[in-house]
Structures are given as structure tokens and as C-alpha cells.
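So the structure is just underneath, and the comments pick up after that.
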Amino acid sequence: MSKKPIERIPAIGGHVAPERINHPAHYGGDSTYEVIKVIEAWGLGFHTGNAVKYIARAGKKDPSTEIEDLKKAYWYLSRAADQIATEIARRCDQFQEIQK
């Protein structure tokens with residue numbers, strides 16, 4: 001996968017500025033703490049990565065959606081927790097079967 005910045009993306013009536021694609025302000029801009037960089041650096045999976053994304057961006061793009069963004073983060077964290085709990089239960093069942 002190439003990390004070369006997108007120079008221009010055709011849009012109706014012109015081009016989209018590269019900053020709006022590569023480093024939008026509500027994504028953290030081109031800073032050390034841009035959400036995608038944090039998610040990749042921490043090696044987060046899909047669910048926890050999305051939760052971090054929604055928490056970090058809550059209300060930044062549209063202040064009226066801050067609560068909705070936080071509820072989305074909660075939803076992703078709940079799914080991650082459910083998956084972990086299911087995996088732990090599966091492993092316990094396997095261990096009990098081995099012990100018989």
C-alpha cells in the first residue's frame with residue numbers, strides 16, 4: 001500500500017484539496033496525534049480502533065453530534081468486550097474438555 005499523498009481528486013466542478021483527504025482538521029490534522037497514526041502505533045484492532053476514533057473526533061466535525069459520536073464509541077467498545085468474553089468462554093470450555 002502506497003503512502004504517497006493524494007495530489008488531486010477529481011470532484012464536480014474542480015478538485016478536493018489534499019488536506020481534506022490526507023489530514024482533515026477533524027481527524028487531528030497533520031500532527032503527531034492524528035487518530036490514524038495513534039491507532040496504527042498502538043496496533044489497535046477494528047473495534048477498539050473505531051472507539052478511539054469516535055472518542056478523539058467527538059464533536060469536532062459537527063459539535064451537535066458529540067453525544068452520538070460517544071455513543072458510537074461505546075457501541076464499538078461493547079462489541080470488543082463481548083468478543084473477548086466469548087473467546088475466553090470458548091477457551092475455558094476447551095480446557096474443561098481436555099481435563100475430562
* Output the number of residues of region 34-73 satisfying the condition of being touching a Phe, Trp or Tyr at 6+ places or on another chain (Cβ under 6 Å) and polar (S, T, N, Q). => 1
* To do: Keeping to region 33-71, report how many residues are surrounded by 15 or more Cβ atoms within 10 Å (Cβ to Cβ), closer than 20 Å to ALA81 by Cβ and touching a residue at least 24 places away in the same chain (Cβ under 8 Å).
  => 5
* Asked: In region 35-100, which helices (runs of 4 or more DSSP H) lie fully inside it and hold 3 or more residues that are acidic (Asp, Glu), at pLDDT 95 or above and out of contact with any Pro (no Cβ under 7 Å at 6 or more places or on another chain)?
  -> 66-99
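The values are calculated or read from the model by the stated rules, or taken from the named source; none is laboratory data. What you are looking at is a predicted structure, and each value in this text was computed from that prediction instead of being measured. Reconstructed Cβ throughout: ideal geometry from the backbone, glycine too, with neighbour counts over all protein chains shown.
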